[in-house]
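Taking it in order: structure first as structure tokens, then the write-up.
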Amino acid sequence: MKKQTPDERKKNFNEVAFGLSEEEALKESSRCISCKKAKCSMNCPVEIDIPGFISAIKNKDFGKAIRIIKEKNNLPGVCGRVCPQENQCEGACILNAKKAPINIGGLERFVADWELRNTASAANHRPLASKQAKVAVIGSGPAGLTCAGDLARMGYRVTVFEALHVAGGVLMYGIPEFRLPKEIVQKEVRYLESLGVEIKTNFIVGKTSLLKDLFEQGYKAVFAGTGAGLPSFMKIPGENLNRVYSSNELLTRVNLMKAYLFPEYDTPVNIGKKVAVIGGGNTAMDSARVSLRLGAEKVYIVYRRTENEMPARKEERENAKEEGVEFRMLTLPVKISGDENGFVKSMECVKMELGEPDDSGRRRPVAIKGSEFTMDVDTVIVAVGQSPNPVFLKATPELALDKWSKIIIDPKTQASNIKGVYAGGDATEGDDTVIAAMGAGKRAAKAISEYLKNEN
Amino acid sequence: MFDVLRNEKIAPNIFKMIINAPLLAAKAKAGQFMMIRIDDKGERIPLTIADTDGKNITIVYQVAGVTTHRLTEKKAGETVSDVVGPLGHATDVRKIGTVCCVGGGVGIAELYPVAKAYKSAGNDVIIIIGARNKELLIFKKELADLGAQLLVATDDGSDGEKGFVSGILKRLIDSGRNIGLVYAVGPGVMMEVISNLTKPYGIKTLVSLNTVLVDGTGMCGSCRIQVGNETKFACVDGPEFDGHLVNFKELKARQSLFKEQEKHACKIRGILQ
């Protein structure tokens, strides 16, 4: 797929990858051999009929292609861009034997964007609500939106409660504009609204209303997709200095509040010239690339293991490196030092080496004695993970949580310990990608429908 | 969209706004705050809920930057795009005995619902308020109407005694008044002085922190502050904390993070600071 050149793109927030042209999409689709036993579909968390939609592209019937995708996936414009296809559909493609798997993500994005350009087709949908039962969905991230969309298609009356001022959750505040344009997210949200999903922003379940209030207001079932909104810090000295940000704060300021357009937009962000991003996930890559675009001259990824152990997608690591992000592997920060005004001045680290495998199966990094050194940085972004957002959980003490404060669910149905309450996405264990969260939302929608049938 | 019902200047640079927000108003309790965003280009800022009547909420703000300046331009009948809450823990109001409520500057408005709640819970409430001069002494009448003892200090002596709220509190303590709790809200330096004052006497002291916030729901960590040996998030763990454990030096430093940006934004918009 064509991209903006690294030199060009590190100066703007426009989307990096251009997407396939019609000609390219037709050519790519023609390579698909339409396997009878399609391994790609089997490896899709939402079980899209992939050979089916690719065949429609071959026939230039893009409308049919998007309809096939939308039978299973309400957010194709999002998934085509941010799914880790290399581990899922594309990773399972039979053509991997020739080291040339079909670019399924690119094709999905192509038909999704084709439809979004033809807004008339989205407007043709009419609200479907044919059933009486009302369902509440808490949180409008990928899990919540998927659950809401599927329930609306089944005819339920669905209300999504969103704490922020705009729907989309992590798709809006977490993933940067240059990977996932916010306009795409909002168009997909509007599509769900066209299915009859009602979205209430500025509404925090746990504060504005409690879970029991929702049941009293007549909601018969609830899906909690409250996300992973509580950033972790490393608990090292100096972490509360100015210009130490959680990746969540940096990304929220920039993506959701558009601080990159300050002062046209009112939200500021204060980034220095030399930025260290701590962590090895996609969020760390996003934070590093955002820092470059905000004008940082040097951006380092600081990670205590090696690149082989990094959870970030290969594509994102490569994008970051191409743009000039420097990787400092086997490096563990131990202290951040500040100047007299409380701003970051430097970061002390130790060198690590890999020892025996730990619980995760990855070799455990061990500090090398006497290897302390100082990094000359003025900004530190902490991207070492997060735990579930506590607001709803604290207000709902009857909800059973595991020792990481994640909602305990039945993995088949996403049912929590409370009757009629389901959960999925980052609020539960394991659903750590957009598509996994969507898969959970789908399972929950199905289970909620079964539950409501049995209740009536 | 939320309707602005009133927006009036109540002191130099200090405004009171009433917004129709029934859901929030129905749940809001003393000590809680809300987030407000004026429009699509606006930032999210936290404001303490100074009063509610079940349907509408009252906020009091001091013009300190672009957003608060833009708020002053809103007229009754206009709208603000977003209001959300109530956020943070409500004040744990119970009968303690004598509660001394101390407010400084615009914090006096934030003190009002708390003092009212402690009074309703049957406490003997002493209210001490202070400001630079009598024009800046907001909510004096509302607080006086609570029927509690009200003591006043101004820097220039234009109302009450010349001096600081801490001076009055110290005299009260030294006079042998048995104070069960001190609740302080105001500028960081005032809360620090009050906390330092009560510490040697072992009087439990709560302070309500005004940190920088983005979402207000625990998501960003912008509001983190060292309390004792732990880092707490003011939005979800607070905003009230034990004043004897708060690292006020850190609080003040963190409040300066966006000073340059704020100055720049004000300058290009022609807003004088």
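The values are calculated or read from the model by the stated rules, or taken from the named source; none is laboratory data. For clarity, every value in this text was computed on a predicted model and none was experimentally measured. With ideal geometry, Cβ positions are generated from the backbone for all residues, glycine too; neighbour counts draw on all protein chains shown.
Of all the criteria given as (1) within 14 Å of another protein chain (Cβ to nearest Cβ); (2) assigned to a loop (DSSP other than H, G, I, E, B), the one not satisfied by A:GLY280 is (1).
Screening B:GLY216 with (1) farther than 24 Å from B:ASP92 by Cα; (2) at the interface with chain A (Cβ under 10 Å from one of its Cβ atoms) gives one miss only, at (1). For the stretch B:174-202, the set of residues classified as buried (at least 18 other Cβ atoms within 10 Å of the Cβ) and not in a strand (DSSP E or B) consists of B:ILE179, B:GLY186, B:GLY188, B:MET190, B:MET191, B:GLU192, B:VAL193, B:ILE194, B:SER195, B:LEU197, B:THR198, listed by residue number. For the stretch A:217-239, filtered to residues that are hydrophobic (A, V, I, L, M, F, W, C) and at the interface with chain B (Cβ under 8 Å from one of its Cβ atoms), the residue that is surrounded by the most Cβ atoms within 10 Å (Cβ to Cβ) is A:LEU230.
Number of residues in the stretch B:231-245 that are more than 22 Å from A:ALA395 (Cβ to Cβ) and surrounded by fewer than 22 Cβ atoms within 10 Å (Cβ to Cβ) equals 4. How many residues are in contact (Cβ under 8 Å) with a residue 24 or more places away in the chain, within 22 Å of A:GLY229 (Cα to Cα) and not β-branched (Val, Ile, Thr) if we restrict to the stretch A:359-397? Residues that pass the stated criteria total 11.
The number of residues in the stretch A:185-206 being crowded, with 19+ Cβ neighbours inside 10 Å and in contact with a Phe, Trp or Tyr (Cβ under 6 Å, 6 or more places away or on another chain) comes to 3. Has the stretch B:118-128 got at least one residue that is of a type in the set (D, E, K, R), surrounded by 17 or more Cβ atoms within 10 Å (Cβ to Cβ), part of a helix (DSSP H, G or I) and modelled with pLDDT under 95? Within the stretch B:118-128, none of the residues are of a type in the set (D, E, K, R), surrounded by 17 or more Cβ atoms within 10 Å (Cβ to Cβ), part of a helix (DSSP H, G or I) and modelled with pLDDT under 95. Within the stretch B:14-24, the residues that satisfy the criterion of being within 12 Å of another protein chain (Cβ to nearest Cβ) and surrounded by fewer than 21 Cβ atoms within 10 Å (Cβ to Cβ) are B:PRO22, B:LEU23.
Residues that are under 19 Å from B:GLU8 (Cα atoms) and in contact with a Phe, Trp or Tyr (Cβ under 6 Å, 6 or more places away or on another chain) within the stretch B:21-45 comprise just one, B:ALA21.
If you check A:TYR245 against the conditions, is it under 27 Å from A:VAL366 (Cα atoms) and either surrounded by fewer than 24 Cβ atoms within 10 Å (Cβ to Cβ) or hydroxyl-bearing (Ser, Thr, Tyr) (or both)? So A:TYR245 passes the test. The set of residues from the stretch A:171-209 being within 13 Å of chain B (Cβ to nearest Cβ) and over 23 Å from A:GLN4 (Cβ atoms) comprises A:TYR173, A:LYS200, A:THR201, A:ASN202, A:PHE203, A:ILE204, A:VAL205, A:GLY206, A:LYS207, A:THR208, A:SER209. Sort out which residues of the stretch B:246-270 are in contact with a helix residue (DSSP H, G or I) (Cβ under 9 Å, 6 or more places away or on another chain) and surrounded by fewer than 16 Cβ atoms within 10 Å (Cβ to Cβ), and write them in order of number. Matches in the stretch B:246-270: B:LYS249, B:LYS252, B:ARG269. It is to be established whether one or more residues within the stretch A:426-449 are more than 22 Å from A:MET154 (Cα to Cα), buried (at least 20 other Cβ atoms within 10 Å of the Cβ) and either small (Gly, Ala, Ser) or in contact with a Ser or Thr (Cβ under 7 Å, 6 or more places away or on another chain) (or both). For the stretch A:426-449, residues more than 22 Å from A:MET154 (Cα to Cα), buried (at least 20 other Cβ atoms within 10 Å of the Cβ) and either small (Gly, Ala, Ser) or in contact with a Ser or Thr (Cβ under 7 Å, 6 or more places away or on another chain) (or both): present. Filtering the stretch A:283-302 to residues that are part of a loop (DSSP other than H, G, I, E, B) and within 14 Å of chain B (Cβ to nearest Cβ) leaves A:LEU294, A:GLY295. Could you pull out the residue among A:LYS446, A:LYS412, A:LYS403 that is basic (Lys, Arg), at pLDDT 95 or above and either within 23 Å of the chain's Cα centre (by Cα) or more than 26 Å from A:LEU164 (Cβ to Cβ) (or both)? Sole residue among the options that is basic (Lys, Arg), at pLDDT 95 or above and either within 23 Å of the chain's Cα centre (by Cα) or more than 26 Å from A:LEU164 (Cβ to Cβ) (or both): A:LYS446. Scanning the stretch A:1-51 for residues that are among the hydrophobic types (A, V, I, L, M, F, W, C) and either within 30 Å of A:LYS446 (Cβ to Cβ) or free of Cβ contacts under 8 Å to residues at least 60 places away in the same chain (or both) gives A:PHE18, A:LEU26, A:CYS32, A:CYS35, A:ALA38, A:CYS40, A:MET42, A:CYS44, A:VAL46, A:ILE48, A:ILE50.
For A:ASN242, the conditions (1) without any contact (Cβ under 8 Å) to a residue 12 or more places away in the chain; (2) farther than 26 Å from A:GLY425 by Cβ; (3) within 14 Å of chain B (Cβ to nearest Cβ) are fulfilled apart from (1). Looking at B:ARG94, is it touching a residue at least 24 places away in the same chain (Cβ under 8 Å) and closer than 21 Å to B:LYS9 by Cβ? Here the answer is no, as B:ARG94 does not meet what is asked. The single residue among A:VAL111, A:VAL137, A:VAL160, A:VAL166 that is within 14 Å of chain B (Cβ to nearest Cβ), at negative phi and modelled with pLDDT of 95 or more turns out to be A:VAL166. Restricting attention to the stretch B:129-151, the residues that are surrounded by 24 or more Cβ atoms within 10 Å (Cβ to Cβ) and within 17 Å of B:LYS162 (Cβ to Cβ) total 3. When the stretch B:233-272 is filtered for residues that are more than 10 Å from chain A (Cβ to nearest Cβ) and either touching a residue at least 24 places away in the same chain (Cβ under 8 Å) or touching a Leu at 6+ places or on another chain (Cβ under 9 Å) (or both), the ones remaining, listed by number, are B:ALA234, B:GLY238, B:PRO239, B:GLU240, B:PHE241, B:ASP242, B:GLY243, B:HIS244, B:VAL246, B:PHE248, B:ILE271. Residues in the stretch A:381-400 that are aliphatic (A, V, I, L, M), in a loop (DSSP other than H, G, I, E, B) and either closer than 22 Å to A:SER246 by Cα or within 20 Å of the chain's Cα centre (by Cα) (or both): A:ALA383, A:VAL384.
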